[in-house]
Structures are given as structure tokens and as C-alpha cells.
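As C-alpha cells, the structure follows; a few thoughts come after it.
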Amino acid sequence: MRVLVVEDHVELAESVARVLRREGMAVDLAHDGEDALERTAVTGYDVVVLDRDLPSVHGDDVCRALVAQATRVLMLTASGTLEDRVDGLSMGADDYLPKPFAYAELIARIRAVARRSPTASPPVLTRGDLRLDPAQRVATRAGMRLPLSPKELAVLEYLLAADGRAVSAEELLERVWDEAADPFTTTVKATINRLRAKLGAPPVIETVPQAGYRI
């Protein structure tokens, strides 16, 4: 899942990003409304976590622009009165979480918002004897839990959600890694190799020449 966190409080933004990355999400940061609009114009995010009181371009205006391009928005703001929540949802935000908040609730709400997408994956992904529960961050094969890292889980989730479609290394890099990833490294191939080893035999990840990988 690719997530953009738009928050002008730098320490809070970085804290949120660390927590979401531990959950296997690819997270980018923006600290003002103008930056948020520029990033969403070039990158398709599954969910944008949006502070309302932003410099340069107000969060309300950012929200309206994102809703117009069918981007899922979770407002995360100190403006937590009933009237504020109604205003935020009326602008088209998918959800509204006031500060202070619990990280566990934020994670659950982001996943719930992402599931509202027309192309959302089922709650539990399966293929043969392979099973992955994205909410619980647990993958099993033949009933045995797999010792996967957050990034390996994220790659496996994306491949399973593709439902047999070949996924290129470039697509995986864009959707599973954040903007800090070097597009010229072999990080995708290395992660796939580790994942194959942990999934065991018989192999389930196929390399499709000139196309990428599929399960």
C-alpha cells in the first residue's frame, strides 16, 4: 500500500511514517498543501492521510482536489468537534480521525479506507496453500506461519492481490517502496529471492520474461 502523510508537524509526520512502514506500507511525506498536490499529481496513492490546517494550501482545498481525482482521504487533524468532522466528511474525505489518536486505530482506519477502492483486495488473500491476512500481517503456507519481514509481506501481498497478473519490478518498486528507493538498485530482485526462499517448495513465484513476477 502506498500512503502519503501530509502533516506540517515534522516530528509527528515522521513518527506516523515509522509506524506505518513497520506495517509494510510504503510512505511518503509532505509538510504543506502545495507539496501534497505536487506529489499526488505524479504518484497514485492508495490513501492520503491529510492534516487539515496546512501552510501554503489549506487542507480543505487539498482534500477537494484529491476527492476530484478519486483519491482516498483520511483527515487527521486537531479540529475534532462534531462540526469539524461533519465539514471534513462533507468535503468528500473518506474518514476523519481527530488528534490525539492511537496508532492502532490509525492503521485500522487506513486499511478500512483502502478497502473502499473499487479495486480493493479481499480481506484475506489466498492462492493454493498460501494465505495472507493483511490486517494481521500474517502469512502462512500449508498452515505454517512464514517468518517474513514487513517488506517481504508487502511484496507478497501485492503479488497475491494481482491475482495471477504479471507485475513488473518497476511497478513493485513504485507501489511497495517509497520515494527514497533507488530505481537503479536490485532491491526488488533481492527481496523476491529472499521471499522465494522463505516460501519454500514447490516454488510459487514465477518469473515472466520481459514482464516481471506473478503467483
Practice task
Please calculate how many Å² of accessible area the chain carries per residue, with a 1.4 Å probe and no DNA, RNA or ligand atoms counted.
Solution key: 49 Å²
Problem - Identified option (computed P(r) over Cα pairs in 10 Å bins from 0, in percent; candidates [x] 9, 36, 37, 16, 3, 0; [y] 8, 34, 33, 18, 7, 0; [z] 8, 29, 29, 15, 8, 6, 4, 1) - result: [y]
Handout entry: Sparse-neighbour loop sites [trypsin sites (Lys or Arg not before Pro); the stretch 101-206; at most 15 other C-beta within 10 Å; DSSP]
Key = R115, R116, R165
Fill in the blank from the handout: Interchain or sequence-distant (5+) residues whose placed amide H lies within less than 5 Å of the amide H of V27 are V3, D178
Fill in the blank from the handout: antiparallel share of DSSP beta bridges within the chain, to nearest 5, in %, is 45 percent
Completion exercise
Length gained, D182-R18, 0.36 nm per residue minus C-alpha separation, equals 57.1 nm
Exercise for the section: May I ask you to derive the relative contact order of the stretch 122-215, considering only C-alpha pairs under 8 Å and at least 6 residues apart, and to give it as an integer percent? Expected result: 27 percent
Handout entry: the stretch 118-177-the stretch 62-79 distance, computed between alpha-carbon centres (Å)
Key = 27 Å
Exercise for the section: Starting from the Cα-Cα distance between A112 and E170, subtract it from 0.36 nm times their residue separation and give me the gain in nm to one decimal. Expected result: 18.2 nm
Practice task
Could you state how much accessible area S15 has, in square angstrom rounded to the nearest 10, with a 1.4 Å probe and all protein chains kept in place?
Solution key: 30 Å²
Handout entry: lysines whose Cα lies under 27 Å from that of K151, excluding same-chain neighbours fewer than 8 positions away
Key = K189, K198
Exercise for the section: Quote the FRET efficiency, to the nearest 0.05, computed for T126 versus E38 with a Förster distance R0 of 45 Å and r equal to the Cβ-Cβ distance. Expected result: 0.70
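The values are calculated or read from the model by the stated rules, or taken from the named source; none is laboratory data. Just so you know, these numbers come straight off a predicted model, no measurement behind them. Don't worry about glycine lacking a Cβ; one is built from the backbone with ideal geometry, like all the others, and counts go over all protein chains shown. Only protein heavy atoms, including side chains, enter the accessible area calculation; ligands, DNA and RNA are left aside. Shrake-Rupley method; radii C 1.70, N 1.55, O 1.52, S 1.80 Å.
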